[in-house]
Number of protein chains: 2
Amino acid sequence: MALIKKPVTGMKDVLPREMEIRNFVMGKVRETYSRFGFTEIETPHLEHIANLCSNQGGENEKLIFRILKRGEKLKLEEAKEVSDLSDEGLRYDLTLPLTRFYSNHMNDLPSPFKALQMGSVFRADRPQKGRFREFMQCDIDILGDATSLAEIELILATTTLLSSLSFKDFTVRISDRRILKAMALCSGFAEEDCDRVFIILDKMDKIGPDGVKKELLEAGYSEEQTDNYLSLFQGDSGDTDSVRALKERMGDGLPEEAADSLIRIMDSVNAAKSGDFKVRFDPTLVRGMSYYTGTIFEIEIAEFGSSIAGGGRYDGMVGRFTGRDVPACGFSIGFERIITILLDRDFQIPEEGEKIAFLIDKKLDPAKLPEIMKEAASLRAGGQTVLVTQMMKNKRFQKDGLEKSGYKEIRDFY
Amino acid sequence: MALIKKPVTGMKDVLPREMEIRNFVMGKVRETYSRFGFTEIETPHLEHIANLCSNQGGENEKLIFRILKRGEKLKLEEAKEVSDLSDEGLRYDLTLPLTRFYSNHMNDLPSPFKALQMGSVFRADRPQKGRFREFMQCDIDILGDATSLAEIELILATTTLLSSLSFKDFTVRISDRRILKAMALCSGFAEEDCDRVFIILDKMDKIGPDGVKKELLEAGYSEEQTDNYLSLFQGDSGDTDSVRALKERMGDGLPEEAADSLIRIMDSVNAAKSGDFKVRFDPTLVRGMSYYTGTIFEIEIAEFGSSIAGGGRYDGMVGRFTGRDVPACGFSIGFERIITILLDRDFQIPEEGEKIAFLIDKKLDPAKLPEIMKEAASLRAGGQTVLVTQMMKNKRFQKDGLEKSGYKEIRDFY
């Protein structure tokens, strides 16, 4: 039987040109984040099914690649459902593995712990253009810090990274889950309505306040609730003054701690920032994951019309492993999105050192080869790239290819 | 239900200290191999089961982690055996994915193609000390080059890498599958006995010629066959002269091309080598994988008593995808073995730049934070590592930890 040449459905091979850019970005990630004191860790690609299906992964839990049990543990005849057949699965994000990791190694880690993770995650999504079933995630997280310092560091590190990759004119949208909820409650919505209201609010960007009002009314909420709610979003300049204005409008309805923390974060980021970007309080920011408990943030680049990084505070995740909550906050860049943008821009990586190709004719006297290899070795020892390779029949074609790959000097050996 | 803190059976979490060393080695790998003109590629962690179970992976095929089919494709009631339940599996090596990759993208790749791959592979082995079910492999391969240039480049690149990681006094053992087989045939063994004979020969290191003789006789082979065979291994100095001596002893029985190619490889490696190592012709070298068709090689460090890299020529693999064979040759370093040795040696990574910690007291006036963050930003922009973190109650303990992690300057902010 002939073997299958294509990768498995929804996954892709990475060719040298893309890999070079991926490595360049990963290098920048390591360099930038380590300067902020983040240290890198890794967890297995496989996780316990019990952890993966613990109801914090939202929609992603439906997309788990499950691993078949092995050996005696696999009882095919007795199996009634999928859960009888599998005990492990491929991770669908890096946040769940991180909280497991932290719970397991807490005593051997500094507190607060600043973690960097880069690795593949897997989601058995319907394949579609630009969305893959295996893709890289790149997260930074701070565990054990309840103060706004965590948010400030995450935002500064991520914006510094994006600037170093020559992204410009982007916006950090920031809000707080506690504010999001308080605004709904104080407009007369019931606690149990919040999720439905937020799904509609999340469309503000696309359908505007009139559209949101229409959908809220259609969903059966009263004119009064809806008007109250929308009035809270008015006159929203996005700076710290608009947080203060909201505080005045909502009075006791707004948790003071959340508002103060937002102001602190924005002030510090604005003071220390170096890149070309804005920080904007945006009360319409929702973010999907149910595990967020406080600050939430997202980075948008107008040019690309979509979010390029996102994160927030999730103080309740570690406690699900240990019984004791640990404050936690993370920021994840859209690694694959960034690679696609750089590829589209035909991004050029700064070359280091000379690249020389030695083409060896097939008929070359073998006795001459040792001297040639010696010369290549001495050039390489000096930091140069030397490709020693067989000369092809179509030499013109081979040379064109080499020149495109940056080999400026080509030497022939007959 | 409480979640599970430990990683899945047989897999491990990587903590910052080990991760730093892994990153350092991966950096050296990229730097060294790219200087030899290798370009990096990546394939998905998942492969088609049909490819994985195609009888070239030997024992490893039994150790595949299978992925459960999803959605409508999973027909639990009708399933009679494991193969009905799974269509994909985790890769157990990087060689099979590489040959699939090459078959798929051949037209977009230079010829010859020099590939570097680093990535996790998975084997559902019985867990034991130092052997993990997920581990990193690091392979270089040259596809499309039938000449000994491929072997020479692979050996020079790998030995240069090991030297750059301060490994010394190692030996490259080299032989050829065609010689291995010719020696058995010309001693009177039948073609179908070869595999059994090689399994016994492979123990030469441990049991010596007398032990090998004893086992061959016990296996039912004649005194004459056995004596003929063992006489061929005598007077084995390991240099190119011993290849020539074998040529004389075996006459037409020895494929001349194989012997000449070995001499060419050894001469060029010896001429161009810079590290502290020997190249040694070793006719007792067997290497397990059934896909090897020509040269085989292994690197041994006496100090560690085990092989630290291995590879060889496998000219028949690509043809299984395309119907047309492509010459191929690869060398794989034992990445995890190397990491273990460096950790045991307490290997120190050369530090770059200063590391400063800013400790922020909880009671610090929030209005002071923006200035502090600004100062950190300017130090970071100058290439320094600045950890801005919350001051812990046990400040002495925190400072000790920071000093151990290389933070020489610690500033307190109240």
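Within the listed set B:C329, B:C186, B:C138, the Gaussian network model of chain B (springs between alpha-carbon atoms below 10 Å) gives the highest mean-square fluctuation for B:C186. A label point on B:N394, set 7 Å along the Cα-to-Cβ line, lies at 6.9 nm from each of its counterparts in the other copies, closest listed first.
Length available on full extension from A:D125 to A:F347: 0.36 nm per residue minus the Cα-Cα distance, which gives 77.0 nm. The helix-only estimate of mean residue ellipticity at 222 nm for chain A, built from DSSP H runs of length n ≥ 4 each weighted as -39500 (n - 2.57), is -12000 deg cm²/dmol after division by the residue total. Between B:E61 and B:K395, the distance separating the two model label sites (each 7 Å from Cα on the Cα→Cβ line) works out to 6.6 nm. One Cα centroid belongs to the stretch B:371-414, the other to the stretch A:211-280; the line between them spans 33 Å. Which one of A:L379, A:L154, A:L68 has the biggest mean-square fluctuation once chain A is modelled by GNM with Cα springs under 10 Å? Maximum fluctuation in the GNM of chain A, among the listed residues, is at A:L379.
Full extension of the chain between B:K374 and B:R249 yields a length gain of 37.2 nm, computed as 0.36 nm times the residue separation minus the alpha carbon distance. Within chain B, the longest run free of trypsin sites (Lys or Arg not before Pro) that sit in a DSSP loop with at most 12 other Cβ atoms within 10 Å is B:169-323. Give, as ranges by residue number, the residues of the stretch B:342-386 whose backbone N falls under 11 Å from the point 7 Å along Cα→Cβ of B:K28. Once the point is set 7 Å along Cα→Cβ of B:K28, B:342-343, B:347-350 turn out to lie under 11 Å by backbone N, inside the stretch B:342-386. A Förster distance of 25 Å, applied to the separation of the beta-carbon atoms of A:T340 and A:C194, puts the FRET efficiency at 0.15. With its label point defined 7 Å out from Cα along the Cα-to-Cβ axis, B:D325 lies at 6.7 nm from the matching points of the other copies, in increasing order. Under a Gaussian network description of chain B, with springs only between Cα atoms under 10 Å, the residue in B:L76, B:L201, B:L98 that fluctuates furthest is B:L76. Normalised by the number of residues in chain B, the average gap of Cα pairs under 8 Å and 6 or more apart makes the relative contact order 17 percent.
Seen from B:K247, the other residues with C-beta closer than 11 Å to its C-beta sum to a net charge of -3, counting Lys and Arg as +1 and Asp and Glu as -1.
Evaluate the relative contact order of the stretch A:210-286 (contact order divided by residue number), counting alpha-carbon pairs under 8 angstrom at least 6 apart; express in whole percent.
On the way: 37 pairs, mean separation 24.3, N = 77.
Computed value for the stretch A:210-286: 32 percent relative contact order.
Each of A:V82 and A:L185 was given a label point 7 Å from its Cα along the Cα-to-Cβ line. The distance between the two points is 3.6 nm.
Laboratory data are not the source of any read-out in this text; all were calculated from the coordinates shown. Since this is a predicted model, take the numbers as computed values, not measurements. When we count neighbours, we look across all protein chains shown, and the Cβ atoms used for this are built from the backbone with ideal geometry, even at glycine.
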